[in-house]
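Step one of this worksheet: look at the structure below.
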Amino acid sequence: MKSRFFKNLAKGLVVVSAALAVVNCDESTVAAAQQQYDPNDPLAALSSSGMADPAIGGEGVVDPTLASSSSTEMLGGGEVDPWADPCVASSLPDACGPGTNPVANPTSSADVNPASSADVTPASSETVIPVSSETVKPQSSSSEAAPVVSSSSEEVKPAGIFLATDTDENKNYMEVEYIRNTADNGGGVLCYPKRLSNDQKHGVILWGPGGGSSPNDYEGIIRRLASHGFVVVATSESPDGTNRGIPALNWLENKNNNPSDPLYQKLDMTKVGASGHSMGGLQSEKMLINDKRVITAVLNNSGAFNHAELTNVPQGKTAAIVYGEGGMERPNAEGDYNNNNVRIPACLLKMTGGQGNECYNGECGWGHGSGPWGGMAATVAWMRWHLGGEDWRKDDFVGTSGKYIDGAIVGQPGKWKGQCKNF
């Protein structure tokens, strides 16, 4: 009897020991899972790319790197524009607007998505299985005990092209790369944000300088466009055609397809705009007509000599003309827009109330050098609207009271007097 009693006692001790081991194993497994997904552990957070730099500073801050190599565009026959816009002078870089205000882009707290306590399955007393004398099953691994936090690559990416979060077209935002005399596109310029987005692609703008001018004479507007999120390629000159513009876009498209290039897969080549000054405006118009990649254009102090090129723009595209009240381009700008056969949505934006000495039909003031300097904000706003999908900007251009219809030219004397049709 004694021997049977001690045998039964030994069996009971074995069963109790097994039960304690199972309970301890279950608690340690849950503790390990909780430690693995500790919501307070910064290494568990998934950091996003955080492209947009915040706006800093205010009006009048000048970037010393914006000095141009030339002060005015050479007009026909080598004659210099008689009204030297102060914005063109190399001693007054970006004088028609606030300067560049680059800033490194910190990742904000809104860009960080830490794992929350909701991502961890807490252990409760209901998860403990009562121990019996039957064989005890091994516990699951920690990877089965807690849910796996999804990676950022599985998250839904924002739609549309990347744009600076700040929307004031009169200011510069992101720090940019400005590359002069790029050999592969004919000695032009390439400019783009230093921090390229990993979540969205960037829209593209082709810029054309005026006749006899260098693209570096337009560094202010090129930098302004790039600081808002666009990748800008500028041709070295602007013939009245596409034999510079098409190769420049092809060159940029090759960079977009080259795995070793910084711009690899960063560009949306279906969101391409063209802009330029004087002859550069004519190049932009021809690109809009003949290159399917270009979907919108802004002509600065320009317009077709035959007053009929806007009639040739395919449906589904848009155009705007920015010009000066006293500029020599005025008859071409107005004639091109006012042609009754223009069917595309288009706007004509006149700069009035300037203090220059260029005159046309009794109006003196803003002249042939007005658009890319004093009026650069209109080009930026137009591109953010038509490439970036900011449809709320329509009210700034279309109607009777928008800022480019009857508003002040920010930082400069005078007002906009705009009109649009076919919208």
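Residue-wise test of (1) farther than 28 Å from residue 368 by Cβ; (2) in contact with a Gly (Cβ under 7 Å, 6 or more places away or on another chain); (3) buried (at least 24 other Cβ atoms within 10 Å of the Cβ).
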| site | (1), (2), (3) |
| --- | --- |
| 208 | no, yes, yes |
| 212 | no, no, no |
| 216 | no, no, no |
| 227 | no, no, yes |
| 237 | no, no, no |
| 243 | no, no, no |
| 250 | yes, no, no |
| 261 | yes, no, no |
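Residue by residue, here is whether (1) crowded, with 24+ Cβ neighbours inside 10 Å; (2) more than 25 Å from the chain's Cα centre (by Cα); (3) farther than 19 Å from residue 169 by Cα holds:
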site	(1), (2), (3)
299	yes, no, no
361	no, yes, yes
389	no, no, no
392	no, no, no
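Can you report the number of residues in the range 366-423 which are under 18 Å from residue 222 (Cα atoms) and either part of a loop (DSSP other than H, G, I, E, B) or in contact with a His (Cβ under 7 Å, 6 or more places away or on another chain) (or both)?
11
Quick one: which residue in 199, 168 is of a type in the set (D, E, K, R), over 24 Å from residue 254 (Cα atoms), touching a residue at least 24 places away in the same chain (Cβ under 8 Å) and open to solvent by 10 Å² or more (accessible area, probe 1.4 Å)?
That would be 168, the only listed residue that is of a type in the set (D, E, K, R), over 24 Å from residue 254 (Cα atoms), touching a residue at least 24 places away in the same chain (Cβ under 8 Å) and open to solvent by 10 Å² or more (accessible area, probe 1.4 Å).
Does the range 283-294 include one or more residues that are of a type in the set (Asp, Glu), at pLDDT 95 or above, part of a loop (DSSP other than H, G, I, E, B) and over 19 Å from residue 199 (Cα atoms)? Full working, then the answer.
At the first step, the residues of the range 283-294 found to be of a type in the set (Asp, Glu) are 285, 291.
Narrowing further to those that are at pLDDT 95 or above: 285, 291.
Okay, now just the ones that are also part of a loop (DSSP other than H, G, I, E, B), so 291.
Checking which are over 19 Å from residue 199 (Cα atoms) leaves us with 291.
The answer is yes; a qualifying residue exists.
Just the residues that are open to solvent by 30 Å² or more (accessible area, probe 1.4 Å) and farther than 19 Å from residue 286 by Cβ, please, taken from the range 308-344.
Within the range 308-344, 328, 331, 334, 338, 340 qualify.
Do we find that residue 265 is closer than 19 Å to residue 221 by Cα and modelled with pLDDT of 95 or more in this structure?
In short, no.
The values are calculated or read from the model by the stated rules, or taken from the named source; none is laboratory data. On a predicted model such as this, the values are computed, not experimentally measured, just so you know. Note: ideal-geometry Cβ built from the backbone for every residue, glycine included; neighbour counts use all protein chains shown. Surface areas here come from the heavy atoms of the whole protein model, side chains and all, with no ligands, DNA or RNA. Shrake-Rupley method; radii C 1.70, N 1.55, O 1.52, S 1.80 Å.
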